[in-house]
Amino acid sequence: FSDDPSRPFGRCVGPGPFVTPRADHLFRAGNHRFFLTWPPKASRMKPLIFSLREVREKGRFRHDGSLPEEDFQEALAGMAELRGPISVELTLELIDGSVVLGGALRGRWELPCKRCLTPRADDYTTPLEGAFGREIEKLDAAEEIRQTLVLAVPLQSLCSPDCRGLCPRCGANLNLGE
């Protein structure tokens, strides 16, 4: 927890009684009270909003472009480092009354090797998919892109298939020698 009251998930304010929850409130954990700010601070991600009403009227919408990596880096913190803009091919189509999102994301990221922790740059291409019912009027595609990027990060990224990892005794990279 933080001592800064402006940060989400708050600061310790010492022992004391439980206070009824509300948007900004104190809660008790053991002998300490914590100040909680809800909802958490907004992400730096800029919205990419499309009117689904227009898609329903026209039947199809296409958007090609690139997005700055800074807008999505926070979502990948600790898993991957984006290296350059994200290329977006996005299509919204009306199919049986629902709006279907299709397309692809392309770019370059740097991933740590799961065995030796050496950073490794790699290109990625991942499909962008989704479906939205009649009740939704606007789509923030930035959130769909964020979720797609998080799910696209490989669970086992290796610098090479025969990576030897780190020495369990001294932590040295075994790929560099004994």
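The values are calculated or read from the model by the stated rules, or taken from the named source; none is laboratory data. Predicted model only: the values in this text are computed from it and were never measured. We place every Cβ from the backbone using ideal geometry, glycine too, and count neighbours over all the protein chains shown. All accessible areas refer to the heavy atoms of the entire protein, side chains included, with ligands and DNA or RNA removed. Shrake-Rupley method; radii C 1.70, N 1.55, O 1.52, S 1.80 Å.
For GLU81, state whether it is closer than 24 Å to GLY165 by Cα and touching a residue at least 24 places away in the same chain (Cβ under 8 Å).
Working: closer than 24 Å to GLY165 by Cα: yes; touching a residue at least 24 places away in the same chain (Cβ under 8 Å): yes.
Criteria met by GLU81.
Looking at VAL100, VAL88, which one is out of contact with any helix residue (DSSP H, G or I) (no Cβ under 8 Å at 6 or more places or on another chain), free of Cβ contacts under 8 Å to residues at least 60 places away in the same chain and not small (Gly, Ala, Ser)?
Working: VAL88 fails: out of contact with any helix residue (DSSP H, G or I) (no Cβ under 8 Å at 6 or more places or on another chain).
Being out of contact with any helix residue (DSSP H, G or I) (no Cβ under 8 Å at 6 or more places or on another chain), free of Cβ contacts under 8 Å to residues at least 60 places away in the same chain and not small (Gly, Ala, Ser) holds for just one of VAL100, VAL88, which is VAL100.
Take the residues in region 46-83 that are charged (D, E, K, R) and surrounded by 15 or more Cβ atoms within 10 Å (Cβ to Cβ), then tell me which one is farthest from the chain's Cα centre (by Cα). First the steps, then the outcome.
Initially, region 46-83 is screened for residues charged (D, E, K, R), giving 46, 53-54, 56-58, 60, 62, 64, 69-71, 74, 81, 83.
Going one step further and asking which of them are surrounded by 15 or more Cβ atoms within 10 Å (Cβ to Cβ), we end up with 56, 69, 71, 81.
On the way: ARG56: 29, GLU69: 11, ASP71: 10, GLU81: 11 Å.
Filtering first and then ranking leaves ARG56.
Please determine whether any residue of region 127-141 is among the aliphatic types (A, V, I, L, M), assigned to a helix (DSSP H, G or I), open to solvent by less than 40 Å² (accessible area, probe 1.4 Å) and within 30 Å of HIS63 (Cα to Cα). Step through it out loud before you land on a result.
Step one: list which residues in region 127-141 are among the aliphatic types (A, V, I, L, M), which gives 128, 131, 136, 139, 141.
The next check asks that each one be assigned to a helix (DSSP H, G or I); those that pass are 141.
Then drop every residue that is not open to solvent by less than 40 Å² (accessible area, probe 1.4 Å), which leaves 141.
Checking the rest, the ones that are also within 30 Å of HIS63 (Cα to Cα) come to 141.
Within region 127-141 (the criterion being among the aliphatic types (A, V, I, L, M), assigned to a helix (DSSP H, G or I), open to solvent by less than 40 Å² (accessible area, probe 1.4 Å) and within 30 Å of HIS63 (Cα to Cα)), the answer is yes, since at least one residue qualifies.
Tell me yes or no: at least one residue of region 84-94 is open to solvent by 50 Å² or more (accessible area, probe 1.4 Å), at pLDDT 90 or above and in contact with a His (Cβ under 9 Å, 6 or more places away or on another chain).
Looking for residues that are open to solvent by 50 Å² or more (accessible area, probe 1.4 Å), at pLDDT 90 or above and in contact with a His (Cβ under 9 Å, 6 or more places away or on another chain), one finds at least one in region 84-94, hence yes.
For region 103-117, how many residues are of a type outside the set (Lys, Arg), in a strand (DSSP E or B) and surrounded by 15 or more Cβ atoms within 10 Å (Cβ to Cβ)?
Within region 103-117, the first condition is being of a type outside the set (Lys, Arg), and the residues that meet it are 103-105, 107, 109-113, 116-117.
Checking which are in a strand (DSSP E or B) leaves us with 103-105, 107, 109-112.
From the residues that got through so far, the ones that are surrounded by 15 or more Cβ atoms within 10 Å (Cβ to Cβ) too are 103-105, 107, 109, 111-112.
Total satisfying the criteria: 7.
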